[in-house]
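The values are calculated or read from the model by the stated rules, or taken from the named source; none is laboratory data. Since the model is a prediction, treat every value here as computed from it, not as a measurement. So basically every Cβ, Gly included, is an ideal-geometry build from the backbone, and we count neighbours across all protein chains shown. Surface accessibility is based on the protein's heavy atoms, side chains included, excluding ligands, DNA and RNA. Shrake-Rupley method; radii C 1.70, N 1.55, O 1.52, S 1.80 Å.
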Amino acid sequence: MRLDKLLAHMGYGSRKDVKKLIRKGYVKVNNEVIVDDDFQINEEEDEVIIFDEEIEYNKYIYLMMNKPAGYICANYSNNERIIFEMIDGLPLRGLFTVGRLDKDTEGLLLITNDGMLCHNLLSYKNHVEKTYYLKFDGTITDSKIKRLESGIEIEDYVTKPAKFKKISDDEGELTICEGKFHQVKKMMEAVDCPVLYLKRIKFGGLDLDPNLKLGEYRHLTEEEINILKQKSE
Ligand code: URA
């Protein structure tokens, strides 16, 4: 792989930024300063040091974003803002969102280039849980909660068992293990409690990091990646 490609992939800046770093002599390969950005390296064997720090090559990227409303989960759009606009200094090619949140939904969004993990997390066979905090119109009652939890008809589909935690008459948390299009909104609509505000707060054993402001993201830790892998096996 080209040295500039590897550094961009590892988040040290755009291709243009990392070329500058290389030309200024900040990068060593096997203890030798390299100033050619097209220098070919073997990412499995060569030792690459930048700013005196060895980098560990990792071909997969795993991010957690606190998605704000107003952005869509798509790689391209002519007329809408896309969540990838908020990602800086990482090559976007090959990255995708793990499932989608609606334009007006906020909260925990996973972004990766690991197709296998994404597939496993979304596979209905793995029953990966997602929890949403919601505010809604109308009033929730015990019988409505029972219907939400035991399976409710939305269009021509009956939802799988879910959990509803009541916070107040018009506020709660819904945990589902599927991801049908607009599923939470349709489930709440079906019990006459249409959603006014929706935020995903958990996905596959991970909580939304409270330190992430809307629009911010961070790399997942090894431990978090392992939790996701275990949840989706
Ligand atoms: N369910 C919805 O209705 N919308 C979302 O964004 C996510 C789940």
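Among C193, C177, C73, which one shows the highest mean-square fluctuation when the chain is modelled as a Gaussian network with alpha-carbon springs under 10 Å?
C193
Find the relative contact order for the chain and round it to a whole percent, using C-alpha pairs within less than 8 Å whose residues are 6+ positions apart.
Rounded, it is 20 percent for the chain.
Scan around I201 for amide H atoms under 5 Å from its own, H built in the peptide plane at 1.01 Å from N, and keep only partners 5 or more places away or cross-chain.
The answer is L108, T131, Y132, Y133.
May I ask you to list the chymotrypsin sites (Phe, Trp or Tyr not before Pro) in the stretch 34-130 that are in a DSSP loop and have at most 10 other Cβ atoms within 10 Å of their Cβ?
Qualifying residues, ordered by number: F51, Y76.
Using alpha-carbon positions, what is the distance between the centroids of the stretch 1-35 and the stretch 210-233, in Å?
27 Å
Write down the accessible area per residue of the chain in Å², having rolled a 1.4 Å probe over the full set of protein chains.
For the chain, the solvent-accessible area averages 56 Å² per residue.
Restricting to DSSP loop positions (anything but H, G, I, E, B) with no more than 16 other Cβ atoms inside 10 Å of their own Cβ, which chymotrypsin sites (Phe, Trp or Tyr not before Pro) remain in the stretch 140-233?
Hits after loop and neighbour filter: F181.
In the structure shown, do any of K146/K202; K163/K213; K5/K59; K135/K160 have a Cα-Cα gap over 18 Å, and if so which?
Checking Cα-Cα distances, K146/K202; K163/K213; K135/K160 exceed 18 Å.
At most 11 other Cβ atoms within 10 Å and a DSSP loop assignment: could you name the GluC sites (Glu not before Pro) in the stretch 123-215 that fit?
Answer in residue order: E155.
Which value, in Å² and to the nearest 10, is the accessible area of H219 when all protein chains are kept and the probe is 1.4 Å?
Approximately 100 Å² for this residue.
If r is the Cβ-Cβ distance from K28 to N211 and R0 is 30 Å, what FRET efficiency results, to the nearest 0.05?
So the FRET efficiency works out to roughly 0.35.
Would you mind checking which residues have amide H under 5 Å from I154's amide H? H placed 1.01 Å from N; only 5 or more apart, or other chain.
T159
How large a share of the accessible area of the chain, in percent, is made up of carbon and sulfur atoms when the probe is 1.4 Å and the other protein chains stay in place?
The C+S portion of the solvent-accessible surface of the chain is 46 percent.
Report the label-to-label distance for I227 and K59 in nanometres (one decimal), using points 7 Å from each Cα along the Cα→Cβ vector.
2.7 nm
Using only the Cα atoms of the chain, what are the Rg and Dmax in Å?
Cα-based Rg and Dmax for the chain come out at 21.4, 70 Å.
Would you kindly derive the ³J(HN,Hα) couplings of the stretch 152-157 from the backbone phi angles with the Karplus curve 6.51 cos²θ - 1.76 cosθ + 1.60 (θ = phi - 60°), listing them in order in whole Hz, with x for Gly and Pro?
So the J values, rounded to whole Hz, are 10, 7, 10, 6, 9, 9.
Counting helices only, and only those DSSP H runs with n ≥ 4, report the 222 nm mean residue ellipticity of the chain as the sum of -39,500 (n - 2.57) divided by its residues, in deg cm²/dmol to the nearest 500.
Calculated from helices alone, the mean residue ellipticity at 222 nm is -6000 deg cm²/dmol.
Binning every alpha carbon pair distance of the stretch 129-203 at 5 Å from zero, what are the percents per bin?
For the stretch 129-203, the pair-distance distribution reads 3, 18, 34, 29, 14, 1, 0.
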